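Structure record follows, encoded as structure tokens.
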Amino acid sequence: MAKRFPWYPIFIDVEDHDVVIIGGGEVCARKAETMMRYGARVTVVSPAFTPEIETWANEGKLALRRKRYEPGDLDGASIVIASTDDTAVNEQVAADCRRRRIPVNVVDVTPLCEFIVPAIVEKGSVTLAVSTGGKSPALARTLKEDLQRRRSQALLRRHHRQRNPGHAARGTAAGGVSGDCGGVQGGGGGGE
């Protein structure tokens, strides 16, 4: 069934929540790293893992289940991410999660997702999430990088004004860049 409405943007607390990631490759490593950064208790299920994931497990940062996916791997999960390169496994994970009412993200397969993950730009307590509703993750990354670049330029301008008060720049650069709130103003765009 085609999606009729856009995705509802939401921020969710994953701190001290169990997040299960199915898959052990590079994409899984990126997702695990992000979830750990936000305080989630991460468990990765896969027959094989990247060296980075193995290192995190050895350091006690996440748990590993060295095995093929089974529905019981979802027990206790608050959120699930499927990041395998096996379409049948990803579809099974999504179906099992729906049956259990566990929010699931199947990386790069928006129709199987209960939630999508935006591109994120952070500066202190300000967080910007950029999404294209799953239609163009590459565009979302480009917009994220542009926001980060603009923030850096704004910080440089602010630093220059502080060091050279007689040459204070007037106004802001085109595109709404300012030295406040992490250097980004206004809204727009979307992406993963």
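Any read-out appearing in this document is the output of simple, stated calculations on the displayed coordinates, not a laboratory observation. Keep in mind that what you see is a predicted model, and the values were worked out from it rather than measured. Counting neighbours? That spans all protein chains shown, and the Cβs are built from the backbone with ideal geometry, glycine included.
Give me TYR69, TYR8, TYR38 sorted ascending by neighbouring Cβ count inside 10 Å, so fewest comes first.
Lowest count first: TYR8, TYR38, TYR69.
Could you name the aspartates and glutamates in cross-link range of LYS31, using Cα to Cα under 14 Å and dropping any fewer than eight places away on the same chain?
Within reach: ASP18, GLU52, ASP108, GLU192.
Over the residues of the stretch 18-116, compute the C-alpha Rg and express it relative to 2.2 N^0.38 Å.
Relative to the rule-of-thumb radius for its length, the stretch 18-116 sits at 0.95.
Between LYS135 and PHE11, how many nm apart are label points set 7 Å from Cα along the C-beta direction?
Simple spin-label model gives 2.6 nm for this pair.
Out of all DSSP beta bridges in the stretch 23-155, what portion is antiparallel? Express it as a percent rounded to 5. Don't skip to the end; give the middle numbers.
Working: 5 of 12 bridges.
Of the beta bridges lying entirely in the stretch 23-155, close to 40 percent run antiparallel.
Using the basic label-point model (7 angstrom from Cα toward the beta carbon), what is the GLU26 to ALA48 distance in nanometres?
1.5 nm
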